[in-house]
Amino acid sequence: MTGPRMALPTRREPDGAAAREETAGAPGGTRRRPRRGKQRKREKPTGLRRFFTWRRLLAYVIALCALLVGTFAVLYFLIDIPKANALAKAESNVYRYSDGTVLARTGDINRESVPLSRVPKAVQHAFVAAENKTFYDDPGIDPMGVARGLVNTVTGKGTQGGSTITQQYVKNYYLSQEQTVTRKVKELIISLKVDQRNSKDDILAGYLNTSYFGRVAYGVQAAARAYYDKDVEDLTVAQGAYLAALVQAPSQYDWAVATRAAKRLVTRRWNYVLDNMVEMGWLNAGERQTLRFPEPVAPQPARGLSGQAGYLVDAARNELIAAGVSEQELAAGGWTITLNIDPDKQRALERTMKPALRDKDTQGAAVSVDPGSGRLLALYGGRDYTKHYLSNAARADYQVGPVFLPVVTATALENKQGRNNGRAEVKDIAVALGMPPDTTGLTDPLTVSLGLAGVSPLRMAGAYATFDRHGERVTPVIVKSARRGDETAGPPRAIGDRAVTRATADSVTSDLVQNGEGPLAARNLARPAAGISGTADDKKSAWYVGYTPDLVTTVAFFGEDAKSRKQIRLKDTGTDVLAKIWSAYTREALRGAPASGFDLKGAFPTVRVPALRS
């Protein structure tokens, strides 16, 4: 049975041009779907974009690499291994007072080259473990270390860069210590050539004989004598590891003068050296566990630096090293270093200090600073540098006692003005005034209130000079200028940013003028003066700090056993002698200078600070 058919929809046939457009170009006339709208044309990059397509960037990188390789090839061909530098014929350094008169000459090179056969194998390995574990396998350079060194040199971020032993030997023996890109490139190329020409043993021997160890000691033999009073062949593994650790920062890591923080650092590096030796298979792990840190012997001061000369020279050297001059550069000699030390004031300070130190178990220190400029005008570091190597003016191992209390007061006054988020942060103010962040006892309220913190006379002089300068930070600076040929080295800034507000600084000074040692000091000098004195809680130190608008001077006595060098109680814990020293020196230092008063317009109307009473 057939029913009616269902009507199917008819497909509309394309007509005319539309049909032709749809089938044009299709294989066999196959139809394709009509395009919806017009296809957008790809935009060509314009402006700077056309130069930074990924294809162009790749081309730039390839071109740059080719340029660097080509440049390196040319330099490798042009730069040859030079003759040894003139370090073996190093000149003296000349130190002068502020008026140009000569204070001292230093620079005699203490070196005795030894063959590698005299250096125990374990000591050789200690140096390799400390400086360059891949020494025996590398081509004389560490590419990543070189890159870091170049970047740090260009950006002024320091001298660390992972130099290999070969590079350090090249720098010491063939080149200079200057930190420039040119010198770094020469060092790189010469190191590659030296590694190809010389055996590893020759390079290691050269490195050990040219490295500087501090104590005016060049080479491992001189270092063995300077630090352990023995020949290099008699060094133990532990002693060799200390010398290997020392090379990184000789002045900082010299155990005789190192701070607590520096002692922790060098001990950590000593352990690092030994652990690396175990890792490399050069030291038995069991033996390593039995080793104990070998404290070096006391140093023997250089000749010709007797009296106060050695203390002044050491202070200048340390300041220049802190400012970026390497120890090797200074030891190489040829520098003329002019100090801020006023010869008349220096002689006056020595004359007043010497007769007061009759007791052999009492050490003395004094520092005198111009608060207007930050210049260190006079310094007394001890009876004689050749008999007491450590400068009492720079040591920070004695409690400062009541003369620290103005720092506590300054903190309270700052908080009163809404600074430090309302918290009594003595440490923040102490650091702002120039004291090291790792100063002991700055975070314990009881310790602070009793003045148990350890601060050097030099730092205390800077803190009080900051109060005298209305709160602008003063850092006492001993170096006026340093020059070697056309090369100059600048000392650090003496006047820094604001440490405390003027209101705080002037209020502290106002109280010290009216109370404490101020009134008596003013009568003795016949001019306005501020001051404070006191004895530390443990009776091992006594202090006096006094100042006028023109001069800040700190005087301190420390109890120290003349034989054992251990801290002991002072036999006389009074401060009368210190007051007399300060008054006698200040009168002579300011003789002929007009008596000016303090400008204390920033002080609070009333300051009641019982803690400042001495």
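Residues to consider are Y228, Y253; find the one that is modelled with pLDDT of 90 or more, within 23 Å of the chain's Cα centre (by Cα) and hydroxyl-bearing (S, T, Y).
So the residue among Y228, Y253 that is modelled with pLDDT of 90 or more, within 23 Å of the chain's Cα centre (by Cα) and hydroxyl-bearing (S, T, Y) is Y253.
Within the range 575-614, track down each residue that is modelled with pLDDT of 85 or more, among the polar types (S, T, N, Q) and either within 20 Å of A536 (Cβ to Cβ) or open to solvent by 50 Å² or more (accessible area, probe 1.4 Å) (or both).
Result: T575, single match.
Kindly list the number of the only condition in (1) among the β-branched types (V, I, T); (2) over 24 Å from the mean Cα position of the chain (by Cα); (3) at pLDDT 95 or above; (4) under 19 Å from G304 (Cα atoms) that fails for T386.
Result: T386 passes all but (3).
Restricting the range 88-111 to residues that are closer than 28 Å to K193 by Cβ and out of contact with any strand residue (DSSP E or B) (no Cβ under 8 Å at 6 or more places or on another chain), which is modelled with the highest pLDDT?
If we take residues in the range 88-111 being closer than 28 Å to K193 by Cβ and out of contact with any strand residue (DSSP E or B) (no Cβ under 8 Å at 6 or more places or on another chain), then A90 is modelled with the highest pLDDT.
Give the range 300-349 a look and list any residue that's open to solvent by 40 Å² or more (accessible area, probe 1.4 Å), farther than 15 Å from L379 by Cβ and charged (D, E, K, R), or say none.
The one that is open to solvent by 40 Å² or more (accessible area, probe 1.4 Å), farther than 15 Å from L379 by Cβ and charged (D, E, K, R): R303.
Could you tell me which numbered condition I478 fails, if it satisfies all but one of (1) touching a Pro at 6+ places or on another chain (Cβ under 9 Å); (2) among the hydrophobic types (A, V, I, L, M, F, W, C); (3) open to solvent by 10 Å² or more (accessible area, probe 1.4 Å)?
(3)
Can you confirm whether the range 279-298 contains a residue that is under 30 Å from R483 (Cβ atoms), open to solvent by less than 30 Å² (accessible area, probe 1.4 Å) and either touching a residue at least 12 places away in the same chain (Cβ under 8 Å) or under 22 Å from the mean Cα position of the chain (by Cα) (or both)?
no
Mind checking whether some residue in the range 502-525 is open to solvent by 60 Å² or more (accessible area, probe 1.4 Å) and either within 19 Å of S368 (Cβ to Cβ) or touching a Ser or Thr at 6+ places or on another chain (Cβ under 7 Å) (or both)?
Among the residues of the range 502-525, at least one is open to solvent by 60 Å² or more (accessible area, probe 1.4 Å) and either within 19 Å of S368 (Cβ to Cβ) or touching a Ser or Thr at 6+ places or on another chain (Cβ under 7 Å) (or both), which makes the answer yes.
Tally up the residues in the range 253-265 that are in a helix (DSSP H, G or I) and out of contact with any Ser or Thr (no Cβ under 8 Å at 6 or more places or on another chain), please.
The total comes to 6.
Tell me, please, whether a residue that is buried (at least 18 other Cβ atoms within 10 Å of the Cβ), within 26 Å of P301 (Cα to Cα) and at pLDDT below 90 can be found in the range 135-142.
Scanning the range 135-142 turns up no residue that is buried (at least 18 other Cβ atoms within 10 Å of the Cβ), within 26 Å of P301 (Cα to Cα) and at pLDDT below 90.
If I go through the range 462-486 residue by residue, how many of them are in a strand (DSSP E or B) and without any contact (Cβ under 8 Å) to a residue 60 or more places away in the chain?
The number of residues fulfilling the criteria is 2.
Would you check if there is a residue in the range 315-331 being in a loop (DSSP other than H, G, I, E, B), under 30 Å from V237 (Cβ atoms) and at pLDDT 90 or above?
No, the conditions are met nowhere in the range 315-331.
Somewhere in the range 190-198, is a residue within 27 Å of the chain's Cα centre (by Cα), under 30 Å from G333 (Cβ atoms), open to solvent by 40 Å² or more (accessible area, probe 1.4 Å) and not β-branched (V, I, T)?
Scanning the range 190-198, I find no residue that is within 27 Å of the chain's Cα centre (by Cα), under 30 Å from G333 (Cβ atoms), open to solvent by 40 Å² or more (accessible area, probe 1.4 Å) and not β-branched (V, I, T), so the answer is no.
In the range 535-556, how many are under 25 Å from F598 (Cα atoms), open to solvent by less than 10 Å² (accessible area, probe 1.4 Å) and under 31 Å from the mean Cα position of the chain (by Cα)?
Counting residues in the range 535-556 that are under 25 Å from F598 (Cα atoms), open to solvent by less than 10 Å² (accessible area, probe 1.4 Å) and under 31 Å from the mean Cα position of the chain (by Cα) gives 11.
Can you pull out the residues in the range 227-249 that are part of a helix (DSSP H, G or I) and buried (at least 20 other Cβ atoms within 10 Å of the Cβ)?
Hits for the range 227-249 are Y227, Y228, V232, V237, Q239, G240, A241, Y242, L243, A244, A245, L246.
Which ones in the range 266-311 are among the acidic types (D, E) and either in a helix (DSSP H, G or I) or in contact with a strand residue (DSSP E or B) (Cβ under 9 Å, 6 or more places away or on another chain) (or both)?
Result: D275, E279, E287.
Is there a residue in the range 361-378 that is open to solvent by 50 Å² or more (accessible area, probe 1.4 Å) and touching a strand residue (DSSP E or B) at 6+ places or on another chain (Cβ under 9 Å)?
Within the range 361-378, one or more residues are open to solvent by 50 Å² or more (accessible area, probe 1.4 Å) and touching a strand residue (DSSP E or B) at 6+ places or on another chain (Cβ under 9 Å).
Looking at the range 557-573, is at least one residue among the small types (G, A, S) and open to solvent by 10 Å² or more (accessible area, probe 1.4 Å)?
Checking the range 557-573: at least one residue is among the small types (G, A, S) and open to solvent by 10 Å² or more (accessible area, probe 1.4 Å).
On the given criteria, is R215 in contact with a strand residue (DSSP E or B) (Cβ under 9 Å, 6 or more places away or on another chain) and crowded, with 22+ Cβ neighbours inside 10 Å?
yes
When you look at G451, is it of a type in the set (G, A, S), surrounded by 24 or more Cβ atoms within 10 Å (Cβ to Cβ), touching a helix residue (DSSP H, G or I) at 6+ places or on another chain (Cβ under 6 Å) and modelled with pLDDT under 90, yes or no?
Criteria met by G451.
Here is a check on your reading of the model: is A396 under 24 Å from the mean Cα position of the chain (by Cα), open to solvent by 10 Å² or more (accessible area, probe 1.4 Å) and either modelled with pLDDT of 90 or more or of a type in the set (K, R) (or both)?
yes
Quick one: is R459 out of contact with any Cys (no Cβ under 6 Å at 6 or more places or on another chain) and either open to solvent by less than 40 Å² (accessible area, probe 1.4 Å) or not in a helix (DSSP H, G or I) (or both)?
No, not satisfied.
Taking the condition touching a residue at least 24 places away in the same chain (Cβ under 8 Å) and acidic (D, E), does D254 pass?
yes
The values are calculated or read from the model by the stated rules, or taken from the named source; none is laboratory data. Just so we're clear, the structure is a prediction, and the values are computed from it rather than from any experiment. For neighbour counting, all protein chains shown are included, and Cβ atoms are generated from backbone atoms with ideal geometry for every residue, glycine included. To get the accessible areas, we keep the full protein, side chains included, count just its heavy atoms, and leave off ligands, DNA and RNA. Shrake-Rupley method; radii C 1.70, N 1.55, O 1.52, S 1.80 Å.
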